[in-house]
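Throughout, read-outs are computed from the coordinates displayed, never taken from laboratory work. Everything numeric here is computed off the predicted structure, so don't read it as measured data. Here the Cβ is made from the backbone with ideal geometry for all residues, glycine too, and neighbour counts use every protein chain on show.
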Amino acid sequence: MVASIEQLVYKPYYTEHRANRVDAPAQGYNEDAMQGLQAEMIRSELEEVVGTPHLSTDDTDLLVYATDWFWLPQMWLDRGKTPKKPDFIVRPNSAEQVSKVLQIANTYRIPVIPWGGGSGSQGGALSTFGGIILDTKRMNRIIEIDERSLTVTAQAGINGTQLEWAINERGLMLPHYPASANCATLGGYLAPRGTGTISTKYGKAEDLVLRMQVVLPDGHILRTPIVPQHAAGPDFYRLFLGSEGTFGVITEATMQLDYLPEVRLLRAVLFDNLSEALEAGRQIMTRRLEPFVIRLYDPRSTASRVRKILGYELEGAYMVIGFDGDRDLASLQERKAMEIIGHFGAKDLGREPGESWWKHRYDFYYPPQSLKLPWMYGTTETITTYDKIEKLYYAEKRAVEESFQDWDIDFIGHFSHWFHWGVMVYTRFIIKNPPEDPHEAVRLHNRVWNVAMTAVLENGGMVNEHHGVGLKLSRFMRRQYGDAWPLLERIKKALDPNGIMNPGKVGFGL
Amino acid sequence: MSQEAISNCRYCLMCRHVAPVGHITSNETLTPHGIALMVASQRRGLLKWNTSTLRVLYAEPDAGLCRAHCVTDQRLPAAIAAVRAEIAARGLAPDTVVRLHHRLLRTGSAFGERVHQTHTHTSELALFAGDEAHNLWPESITAARLLLEACSTSAALVGAGASNGYLACSIGFPATARKNFRACVEEARDASVTQLLVLSPADLFTFRQMGPERLGVIWPADIVLTDFATFLARRIQDGTLQLRAGAGDAAYVDPTHAVRASERFNPIRSLATTVLGQAPRELFWRRERAHPVGSTAVQFTRPDIAEALTRARLEDAKATGAGSVLCEDPATLVQLTRFAPDYGLKVQGLFEALAALIRP
Ligand SMILES: Cc1cc2nc3c(=O)[nH]c(=O)nc-3n(C[C@H](O)[C@H](O)[C@H](O)COP(=O)(O)OP(=O)(O)OC[C@H]3O[C@@H](n4cnc5c(N)ncnc54)[C@H](O)[C@@H]3O)c2cc1C
């Protein structure tokens, strides 16, 4: 039971903390810079860099770019209120243009917020303090597909599905399949350390990157070494993975590809309970049977989401498991996994429901099937080791359900990104009748997050596994990292002394 | 229904990968989500209809990509047309839109003259020679008639120069659209037509889908609508139409609205293969993901967008290594022709190319 909800009530972090932080901009942002004559000067300088059609201060654009996929600004807009808008939107088409934009921002001490597809759910692309939204989508060229080393080098603003189509034409795939591929960008895959549906075999987006081109906050353009695995000094390229635009702008990346698999063998099984299903998943992973997907729904999701989208009325814990690649190998791996599953007495539902899940796996995201306003919802996904995961899941579930039972909160989850050592649980809360008053809604929303994240942190979980930190989880970063946090702050200060890069995100500028 | 799509799409980003204007401009606002959010925000009093918002509203090409890729079939293009209708009803439509509408209302044609024909001879089979074909690319009609003759068939011409109603509907004048649509139906009836051949996916979409869905008018069941390309492909297959072997190396450009008539993808390619003696080169943006050129209302409302859309298709074609492009749709051909020289590309009408292969 979380005792201290009252102490955890959300307080606007900006006013409370900002002035005291080492990485807070020296005199705060130069808000005057964004008005009157200075604004015109900035505008004309930016225009010179990106060209008139690629700079906007148009009201409509500013409003559309005022929200990403974070529930709070969407709700705010829905209730007829405007979140903080950017002052300028620029769409550079090269690292050189990005560099010049950052130099201008440093001169005038104004924030720069990288924007890929704006599909992030954490408010990472919000212009919390105004400033320049740097939309990367014009940087959308594929530079090279190397069919010998199986790599692709592309600019960071390329759309995920468009990139995948181009690679597929060579019989290859980029094995990062997030549900957001249709809308997210390559840079947006890497900046928040995203994870895709087939990560269990192929790894997270960050595991697939060989090298990057990055523009540092002062405008310096650098390339990381040609390969990530070596012994030539520290692994600094990892700094940019998960920095969500606070350490610079990723402008290009070389990614590892794979051959399109000969087969994808999928099936569904039903366990009596979650505990046994988790143990079966653990055994499959630790014996390195290499499933490309294990998606395990908790009994509540089995009863609600699986029924709603896939049409199966089932009780228990529903698991979809898949093996891909060479037909013989995949069949063998599947047979071995099914032996393990069989030991737990799970019911084999056959191929059809597994294949149907694969086919419809993204249907959940299309309205009206998706979660949508006016409901309040959030994905409190987390990750930890196998020894802790079940306890963590129940602790979070209990804390959230008990604390917000007056709001008839629904808490559901599935376990979908499995590693040799642990698994991610994709937990979600849903409140179907949140307060109508937007201010109250913000407070309730943040209270739920406080309770959920407290349970996560107290039970050995990470505040996030793949959506990133953004603005939403910024305030938990200090607690997450404890003693290690000042190191990150020092790195931030060294790279971005004026604090122009995406302030307020990833815990920086608090 | 239209409100529903605005509401559903305002925070949905799932068709971003195919949205043509978003792709060519890289502008978040000019995506289905951006436009829906703008309209939803106008409804909530956060934006007003003014030059800025209207520029966005009329930038959407109404080419159907978003809906073709929507798992839950959100009818956003229709919803946007409905918003434009509201704008028009409030007298806020931009001048270009008003002028275009007056033309469509007065003459029934956007590009030239509507020929009012009296059909003295009845004909079971007719060819729809609409506005674009008749006024902008008449070669396609001549070629189609030659090809029909070569199939030992003759067909009356119906709707010469007539707008099918799509443009008026798309810019927000459903009453005029209905009038244009019905005029086409009436002419087909006058000619006692039982089967109407259409040259483009635009006509097919308008008559069979847009009419009932957006205008509440239904194409009469006793006049069978047939895609001309599919008709020809069948005639070649069954030996009715015998052509000389063609040779060439061109890229095939799927026309605007191609995604709204996906059953044409294969027949049209078999025709292109006949013309070239080999399969055509394929664009990246092809078949299910085929982007439009600037042949919809954007050519009037946002010529900048229209040009950029067309240039993007030509760049895509150029990247295939082809020296020429092949397409069947008069409206698309006209747009491609405007800028093709900049890319060193020749533009060839598919039906004309087929007609040139008719055995003497
Ligand atoms: C329907 C839907 C499904 C989703 N499914 C998944 C999923 O399966 N897996 C997953 O991991 N996520 C998922 N997400 C979350 C989100 O889409 C991903 O995190 C995505 O990769 C973000 O990419 P984006 O280009 O939209 O980035 P944005 O939202 O634009 O940005 C995200 C963050 O990265 C920063 N950023 C963006 N580009 C750059 C750059 N080039 N350089 C530096 N910083 C940059 C931004 O400043 C921001 O902080 C989903 C989102 C949606 C809407």
For chain B, the longest principal axis of the Cα atoms and the Cα long axis of helix B:228-237 enclose an angle in degrees, to the nearest 10, of 30 degrees
Placing +1 on the Cβ of each Lys and Arg and -1 on the Cβ of each Asp and Glu in segment A:376-467, which of A:Phe429, A:Val442, A:Gln405 has its Cα farthest towards the positive end of the resulting dipole?
A:Phe429
Net charge around B:Leu65, counting only other residues with Cβ within less than 14 Å of its Cβ (Lys, Arg = +1; Asp, Glu = -1)?
+3
Taking H as built 1.01 Å from N, whose amide H comes closer than 5 Å to the amide H of A:Gly325, not counting residues under 5 places away?
A:Glu262, A:Val263
Work out how far the C-alpha atoms of segment A:438-501 reach from end to end along every principal axis, then list the three figures in whole Å, largest first.
37, 31, 20
Residue by residue through segment A:190-204, the couplings from Karplus 6.51 cos²θ - 1.76 cosθ + 1.60 with θ = phi - 60°, in Hz, x for Gly and Pro, are 7, 4, x, 6, x, 9, x, 4, 9, 5, 4, 9, 9, x, 7
In whole angstrom, the spacing between the Cα centers of segment B:139-183 and segment A:51-116 equals 46 Å
Filtered hits (aspartates and glutamates, Cα-Cα < 13 Å from A:Lys201, offset >= 8 within chain) -> A:Asp258, A:Glu290, A:Asp324
Return the loop-located trypsin sites (Lys or Arg not before Pro) in segment B:1-72 (DSSP other than H, G, I, E, B) with at most 16 other Cβ atoms within 10 Å of their own Cβ; answer none if there are none.
B:Arg44, B:Lys48
Cα-centre dipole for chain A with unit charges at Cβ (Lys and Arg positive, Asp and Glu negative), debye to 20:
420 debye
Taking the Cα centre of chain B as origin and charging only Cβ (+1 Lys, Arg; -1 Asp, Glu), how large is the dipole, in debye to the nearest 20?
780 debye
How fast does segment B:125-233 diffuse by Stokes-Einstein, in µm²/s, taking the Kirkwood radius from C-alpha pairs at 10 °C and 1.306 mPa s?
115 µm²/s
Calculate the spin-label point distance for A:Ala179 paired with B:Thr273, positioning each point 7 Å from the Cα along the beta-carbon direction, and give it in nanometres.
4.0 nm
Its Cα gyration tensor gives segment B:2-93 an equivalent ellipsoid whose semi-axes in whole Å, largest first, are 20, 14, 12
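Can you compute the charge dipole magnitude of the protein assembly as shown about its Cα centre, using +1 on each Lys and Arg Cβ and -1 on each Asp and Glu Cβ, nothing else charged? Give it in debye, rounded to the nearest 20.
On the way: 94 positive and 97 negative charges, 94 e Å.
Charge dipole of the protein assembly as shown: 460 debye, to the nearest 20.
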In terms of modelled amide H atoms, which long-range or inter-chain residues lie less than 5 Å from the amide H of B:Leu225?
B:Leu196
Per the 1/(1 + (r/R0)^6) rule, R0 = 35 Å and r from the Cβ atoms of B:Asn266 and B:Glu186, FRET efficiency to 0.05 is 0.55
Can you list the trypsin sites (Lys or Arg not before Pro) in segment B:68-97 that are in a DSSP coil and have 13 or fewer other beta carbons within 10 angstrom?
B:Arg90
For A:87-95, mean number of other protein chain Cβ atoms within 10 Å:
1
What is the helix-to-structure angle for B:174-190, meaning the angle in degrees between its Cα long axis and the longest Cα principal axis of chain B, kept from 0 to 90 and rounded to the nearest 10?
20 degrees
Hz values of 3J(HN,Hα) by residue in segment A:214-229 - Karplus curve (6.51, -1.76, 1.60), Gly and Pro given as x
10, 9, 6, x, 8, x, 5, 9, 10, 10, 6, x, 5, 10, x, 9
Considering the options B:Gly165, B:Ala188, A:Gln369, tell which one lies farthest towards the positive end of the dipole of the protein assembly as shown, charges being +1 on Lys and Arg and -1 on Asp and Glu at the Cβ, about the Cα centre.
B:Gly165
Hand me the trypsin sites (Lys or Arg not before Pro) from segment A:110-175 located in a DSSP loop with no more than 12 other Cβ atoms within 10 Å, in residue order please.
A:Arg148
Ranked list, fewest to most other Cβ atoms within 10 Å of each Cβ, for B:Leu13, A:Leu265:
A:Leu265, B:Leu13
Taking the beta-carbon count within 10 Å as an exposure proxy, list A:Thr385, A:Thr67, A:Thr161 from fewest neighbours to most.
A:Thr385, A:Thr161, A:Thr67
Per-residue Cβ contact counts at 10 Å, fewest first, order A:His417, A:His439 as A:His439, A:His417
For A:Met462 and A:Ile309, compute 0.36 nm times the residue count separating them, minus their Cα-Cα distance, and round to one decimal in nm.
52.1 nm
Please work out the C-alpha center-to-center distance from segment A:452-510 to segment B:236-252 and express it in whole Å.
64 Å
Stick to the Cα atoms of chain B, pair each with every other, and give me the Kirkwood hydrodynamic radius in Å at one decimal.
20.6 Å
How many Cβ atoms of partner chains, on average, are near each residue of A:366-376 if near means within 10 Å of its Cβ?
4
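In this model, which of A:Lys391/A:Lys492; A:Lys397/A:Lys472; A:Lys372/A:Lys472 are farther than 23 Å apart at the alpha-carbon?
A:Lys391/A:Lys492
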A student asked for the Cα radius of gyration and Dmax of segment B:245-355 in angstrom ought to give 12.9, 43
Distance in nm between pseudo-label sites at B:Ala247 and B:Val115 (7 Å out along the Cβ direction from Cα):
3.7 nm
Anyone know which of B:Ser123, B:Ser41, B:Ser140 comes out most mobile in the 10 Å Cα GNM of chain B?
B:Ser41
Under the definition of partner shielding as Cβ atoms of other protein chains within 10 Å of a residue Cβ, what is the mean value for peptide B:29-41?
4
Of every Cα-Cα pair in segment A:376-467, the percentage lying beyond 24 Å is 19 percent
Per the helix-only calculation at 222 nm, which mean residue ellipticity applies to chain A, given -39500 (n - 2.57) for every DSSP H run of n ≥ 4 and division by its residues, nearest 500 deg cm²/dmol?
-9500 deg cm²/dmol
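Determine the calculated [θ] at 222 nm for chain B from helices alone, applying -39500 (n - 2.57) to every DSSP H run no shorter than 4 residues and normalising by the residue count; nearest 500 deg cm²/dmol.
-13500 deg cm²/dmol
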Lys and Arg at +1, Asp and Glu at -1: neighbours of B:Thr107 with Cβ under 10 Å from its Cβ sum to +1
Per residue and in Å³, how big is the convex hull formed by the alpha-carbon atoms of the protein assembly as shown?
173 Å³
Taking a temperature of 20 °C and a viscosity of 1.002 mPa s, what whole-number D in µm²/s does Stokes-Einstein yield for chain A with Rh from Kirkwood over alpha carbon pairs?
90 µm²/s
I'd like the Karplus ³J(HN,Hα) series for segment A:411-427: coefficients 6.51, -1.76, 1.60, θ = phi - 60°, whole numbers in Hz, and an x wherever there's a Gly or Pro.
10, 10, x, 9, 10, 9, 10, 9, 10, 5, 10, x, 8, 8, 10, 9, 8
What nm value, rounded to one decimal, do you get for the distance between A:Tyr394 and B:Glu124 when each label is placed 7 Å out toward the C-beta?
7.7 nm
Let me know the shape class of segment A:263-361, please: from the alpha-carbon gyration tensor, a ≥ b ≥ c as square roots of the eigenvalues, rounded when a/c is under 1.5, otherwise prolate if a/b is greater than b/c, or oblate.
oblate
Unit charges at the beta carbon, dipole of the protein assembly as shown: most positive-side option, A:Gln256, A:Trp418, B:Gly91
B:Gly91
